[in-house]
């Protein structure tokens with residue numbers, strides 16, 4: 001019984017709550033450098049360098065290989081050709097370690113885009129800490145323009161609208177560039 005109570009308490013502690021995205025549309029995205037994996041290979045990620053190629057979709061997720069994060073990542077993987085068509089790069093971020101993310105980049109990202117380590121400094125800068133005292137990010141997605149301005153921010157525990165909404169924001173940005 002005691003083990004069940006502890007397991008239930010841990011599950012409640014990990015249950016995300018809906019929060020507003022910390023960085024609002026129009027704010028400047030904090031620059032960072034971290035490491036991660038693309039198709040299981042090491043990947044150095046510097047936001048400023050990525051933005052030179054076009055807009056970036058940063059999506060923070062709590063934990064690799066959990067149900068919601070796996071489903072969200074697969075959805076981003078399936079939509080990646082549409083993001084590329086609109087000129088955007090998708091990058092997943094979590095506080096997982098490198099070996100976990102390297103495996104996740106192959107198995108769940110399906111080699112379509114990189115996943116990288118959200119360092120404590122990045123988690124603080126983007127204000128995406130799930131819960132004080134825990135090394136997990138909440139589920140927050142940002143679309144960042146090449147000038148570093150946040151075009152769209154969405155923080156919601158349910159993964160289902162993150163892909164659809166960020167793709168719409170990228171497509172809207174692209175349509176505005178073609179005027």
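The values are calculated or read from the model by the stated rules, or taken from the named source; none is laboratory data. This one's a predicted model, so the numbers in the text were calculated from it and none came from an experiment. Positions of Cβ are generated from backbone atoms using ideal geometry, with glycine treated the same way; all protein chains shown enter the neighbour counts.
Number of residues in the stretch 81-93 that are surrounded by fewer than 20 Cβ atoms within 10 Å (Cβ to Cβ) and assigned to a helix (DSSP H, G or I) equals 4.
Restricting the search to the stretch 40-59, which residues are outside any helix (DSSP H, G or I) and under 20 Å from residue 173 (Cβ atoms)? Result: 52, 53, 54, 55, 56, 57, 58, 59.
Conditions (1) in contact with a helix residue (DSSP H, G or I) (Cβ under 6 Å, 6 or more places away or on another chain); (2) within 20 Å of residue 117 (Cβ to Cβ), marked per residue:
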position	(1), (2)
46	no, yes
51	no, yes
65	no, yes
71	no, no
76	yes, yes
88	yes, no
93	no, yes
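Rundown of residues vs (1) touching a residue at least 60 places away in the same chain (Cβ under 8 Å); (2) surrounded by fewer than 16 Cβ atoms within 10 Å (Cβ to Cβ); (3) touching a strand residue (DSSP E or B) at 6+ places or on another chain (Cβ under 8 Å), yes/no style:
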| residue | (1), (2), (3) |
| --- | --- |
| 128 | yes, no, yes |
| 137 | yes, no, yes |
| 140 | yes, no, yes |
| 143 | yes, no, yes |
| 152 | yes, no, yes |
| 155 | yes, no, yes |
| 161 | no, yes, yes |
| 170 | yes, no, yes |
| 176 | no, yes, no |
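Given the structure, is residue 75 surrounded by 13 or more Cβ atoms within 10 Å (Cβ to Cβ), assigned to a helix (DSSP H, G or I) and modelled with pLDDT of 95 or more? Yes.
Against the numbered list (1) part of a loop (DSSP other than H, G, I, E, B); (2) under 29 Å from residue 174 (Cβ atoms); (3) at pLDDT 95 or above, residue 96 comes up short only at (2).
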